[in-house]
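Here's the structure we're looking at; comments come further down.
The values are calculated or read from the model by the stated rules, or taken from the named source; none is laboratory data. Treat the numbers as computed from the prediction; the structure is a model and nothing was measured. In this analysis, Cβ positions are derived from the backbone assuming ideal geometry, glycine residues included, and neighbour counts consider all displayed protein chains. To get the accessible areas, we keep the full protein, side chains included, count just its heavy atoms, and leave off ligands, DNA and RNA. Shrake-Rupley method; radii C 1.70, N 1.55, O 1.52, S 1.80 Å.
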Amino acid sequence: MEILEVNYVNFRNLQDGNTKVFPKLNLFFGKNGQGKTSFLEALYFGATGKSFRTAKSSETMKYGAKRTGVFLIYRDNIGEKTLTVKFNDENKKEYSYNGKKAPYDEFYGKLNIVTYIPEDIILITGSPSVRRSFFDGEIAQTSGEYFQKLKNFNKILKIRNKYLKEKKYREPEFLIYQEEFIKYGARVIEKRLEYVKKISIILNLNYRKLFDDKKELSLQYQCHLGNIKKMSLEEIESCLRRRIEEKFQQEIRYGFSLSGPQKDDFLFFLNGYEAKSTASQGEKKSIIFSLKLSEIDMVIREKKESPVLIIDDISSYFDSNRKESILNYLEKRNIQVFISSTGDLGIDSKNFHVEKGEIIYDGIGQCRNDDR
Ligand SMILES: Nc1ncnc2c1ncn2[C@@H]1O[C@H](COP(=O)(O)OP(=O)(O)OP(=O)(O)O)[C@@H](O)[C@H]1O
Ligand SMILES: [Mg+2]
């Protein structure tokens, strides 16, 4: 997949405009506070309807503005397509695909995008809910089926918790919800497990290739039901049912659900030790970078084409050796990449200068005669 053009209105400090971008490496450079991250965020917002910096879309709206919007033209295996996200100060968001309004489930996952930003370290250091929502988003990016199952599960979880809280668990429909809870809960667990199995192998290969070939990196799905690695869907369902029965009295006391995929976690292990408590800062950054590269491989596997990659502020993570090996790796692969940096990286990239919210194409070096 390849973004061709992005148009933004009232987005952060960006001056309203239209930027044509290029295949392979696009570098956005400029001083601090000029709008580099804002531009990458606008790309991400146009592709996913969300920001990678904040859960509140209202924060992306230019100070004092009443609405904001991003329009993307991109190309996939089939042809040229467009995506639009509009958002206003009444918190209303609207998505369009190829010029037609679309519900979020149809919009999400059309243009696959992978990001690497300084805050991503939270995927190791943060709470289980951060990891769950990250991996759920990743799986849903290439699986509409998972998106639907997860949506159904979350809906039923809310209803079930409401019934428990209001002590309405004796009402006949509670049992119907419970069956749905088990059905969707088990399917969410099954799919996450399958994803972790696949990505863990790629993750280890990427980590060893790029950073340290003497260490073994693995990702494990930690399920509250215990070791379910070899279980079939039916077995996971019955295990979840048993657990609910065991915990039911406690659930009544607490007033919310104590079993289900909302209790699970994803853990990274480096040489057998949990990375959260043992890996160095540099290793944590490298683990996350390897994870992001593995996501690219997962998207290629599922969709048979490459996602777009965003790397914000590359100089802030790695020493020059690591940076060089990452840039060499990216140059060799046929992926469209958007990188921001406070300086030129000396690589074969199309360069854009960012100043006071303006994005100016600055075809330095290799790209001088290649302007579109
Ligand atoms: N909603 C908003 N409306 C207008 N300006 C904003 C908004 N949110 C942030 N800004 C400002 O936009 C400017 C650009 O921020 P941005 O994070 O894009 O800079 P940057 O070029 O990535 O800088 P750095 O190199 O420090 O990371 C900052 O001065 C910031 O205060
Ligand atoms: Mg920045």
Looking at (1) assigned to a strand (DSSP E or B); (2) over 26 Å from the mean Cα position of the chain (by Cα), which one does Gly346 not meet, given that it meets all the others?
(1)
Hits in region 41-68 (condition: out of contact with any strand residue (DSSP E or B) (no Cβ under 8 Å at 6 or more places or on another chain), touching a residue at least 40 places away in the same chain (Cβ under 8 Å) and either of a type in the set (Ser, Thr, Tyr) or within 13 Å of ligand 2 (Cβ to nearest atom) (or both)):
Arg53
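Residue-wise test of (1) of a type outside the set (Ser, Thr, Tyr); (2) under 21 Å from the mean Cα position of the chain (by Cα); (3) closer than 20 Å to Ile156 by Cα.
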| position | (1), (2), (3) |
| --- | --- |
| Leu205 | yes, yes, no |
| Leu219 | yes, yes, no |
| Leu225 | yes, no, yes |
| Arg242 | yes, no, yes |
| Phe248 | yes, no, yes |
| Gly255 | yes, no, yes |
| Ser259 | no, no, yes |
| Phe268 | yes, yes, no |
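Return yes or no: is Glu274 modelled with pLDDT of 95 or more, within 16 Å of ligand 1 (Cβ to nearest atom) and either of a type outside the set (A, V, I, L, M) or on the phi > 0 side of the Ramachandran plot (or both)? Quick ask: steps written out before the conclusion?
Working: modelled with pLDDT of 95 or more: yes; within 16 Å of ligand 1 (Cβ to nearest atom): no; either of a type outside the set (A, V, I, L, M) or on the phi > 0 side of the Ramachandran plot (or both): yes.
In short, no.
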List every residue pair whose Cβ atoms lie under 7 Å apart, where the two residues are 6 or more positions apart in sequence or sit on different chains, the first residue falls within region 16-40 and is assigned by TED's automatic domain parsing to the domain that holds Glu5 and at pLDDT below 95, and the second residue, located anywhere, is away from ligand 1 (no atom under 14 Å from the Cβ) and part of a helix (DSSP H, G or I).
Leu25/Leu330; Leu25/Glu331
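From the list Lys284, Lys263, exactly one residue is surrounded by 16 or more Cβ atoms within 10 Å (Cβ to Cβ), in the same structural domain as Ile189 (by TED's automatic domain parsing), out of contact with any Pro (no Cβ under 9 Å at 6 or more places or on another chain) and in contact (Cβ under 8 Å) with a residue 24 or more places away in the chain. Which is it? Before you say what the answer is, go through the steps one by one.
Details: Lys263 fails: out of contact with any Pro (no Cβ under 9 Å at 6 or more places or on another chain).
So the residue among Lys284, Lys263 that is surrounded by 16 or more Cβ atoms within 10 Å (Cβ to Cβ), in the same structural domain as Ile189 (by TED's automatic domain parsing), out of contact with any Pro (no Cβ under 9 Å at 6 or more places or on another chain) and in contact (Cβ under 8 Å) with a residue 24 or more places away in the chain is Lys284.
Going through Phe107, Phe71, Phe135 one at a time, which residue ends up being modelled with pLDDT of 95 or more and either touching a Lys or Arg at 6+ places or on another chain (Cβ under 7 Å) or within 16 Å of ligand 2 (Cβ to nearest atom) (or both)?
Details: Phe107 fails: either touching a Lys or Arg at 6+ places or on another chain (Cβ under 7 Å) or within 16 Å of ligand 2 (Cβ to nearest atom) (or both); Phe71 fails: either touching a Lys or Arg at 6+ places or on another chain (Cβ under 7 Å) or within 16 Å of ligand 2 (Cβ to nearest atom) (or both).
Only one candidate passes the filter, namely Phe135.
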Scope region 291-323; condition part of a helix (DSSP H, G or I), among the small types (Gly, Ala, Ser) and either under 19 Å from Leu25 (Cβ atoms) or not assigned by TED's automatic domain parsing to the domain that holds Ser143 (or both); matching residues:
Ser315, Ser316, Ser320
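For residues that are closer than 23 Å to Leu293 by Cα and either at pLDDT 85 or above or open to solvent by 50 Å² or more (accessible area, probe 1.4 Å) (or both), tally how many sit in region 345-372. I'd like the intermediate steps shown before the answer.
Filtering region 345-372 for residues closer than 23 Å to Leu293 by Cα gives 345-351.
Filter once more, so that each one left must be either at pLDDT 85 or above or open to solvent by 50 Å² or more (accessible area, probe 1.4 Å) (or both): 346, 348-351.
Adding up the residues that qualify gives 5.
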One residue is enough: does region 106-127 have a residue meeting the conditions closer than 27 Å to Leu83 by Cα and without any contact (Cβ under 8 Å) to a residue 12 or more places away in the chain?
yes
Consider Lys24 carefully, then state whether it is more than 19 Å from the chain's Cα centre (by Cα), within 16 Å of ligand 2 (Cβ to nearest atom) and open to solvent by 10 Å² or more (accessible area, probe 1.4 Å).
no
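From the list Lys110, Lys31, Lys50, exactly one residue is within 16 Å of ligand 1 (Cβ to nearest atom), assigned to a loop (DSSP other than H, G, I, E, B) and more than 28 Å from Ile347 (Cα to Cα). Which is it? Step through it out loud before you land on a result.
Working: Lys110 fails: within 16 Å of ligand 1 (Cβ to nearest atom); Lys31 fails: more than 28 Å from Ile347 (Cα to Cα).
Exactly one of Lys110, Lys31, Lys50 is within 16 Å of ligand 1 (Cβ to nearest atom), assigned to a loop (DSSP other than H, G, I, E, B) and more than 28 Å from Ile347 (Cα to Cα), namely Lys50.
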Since Lys86 meets every condition but one in (1) over 18 Å from the mean Cα position of the chain (by Cα); (2) away from ligand 2 (no atom under 16 Å from the Cβ); (3) closer than 22 Å to Val299 by Cβ; (4) part of a strand (DSSP E or B), which condition does it not meet?
(3)
Per the filter on region 54-79, residues loosely packed, with under 12 Cβ neighbours inside 10 Å and under 25 Å from Leu4 (Cβ atoms) are Asn77, Ile78, Gly79
Subset of region 324-344 [open to solvent by 20 Å² or more (accessible area, probe 1.4 Å), in contact with a Leu (Cβ under 9 Å, 6 or more places away or on another chain) and within 14 Å of Phe29 (Cβ to Cβ)]:
Asp344
Output the residue which, of all residues in region 138-172 that are open to solvent by less than 40 Å² (accessible area, probe 1.4 Å) and hydrophobic (A, V, I, L, M, F, W, C), is farthest from Thr115 (Cα to Cα).
Leu164
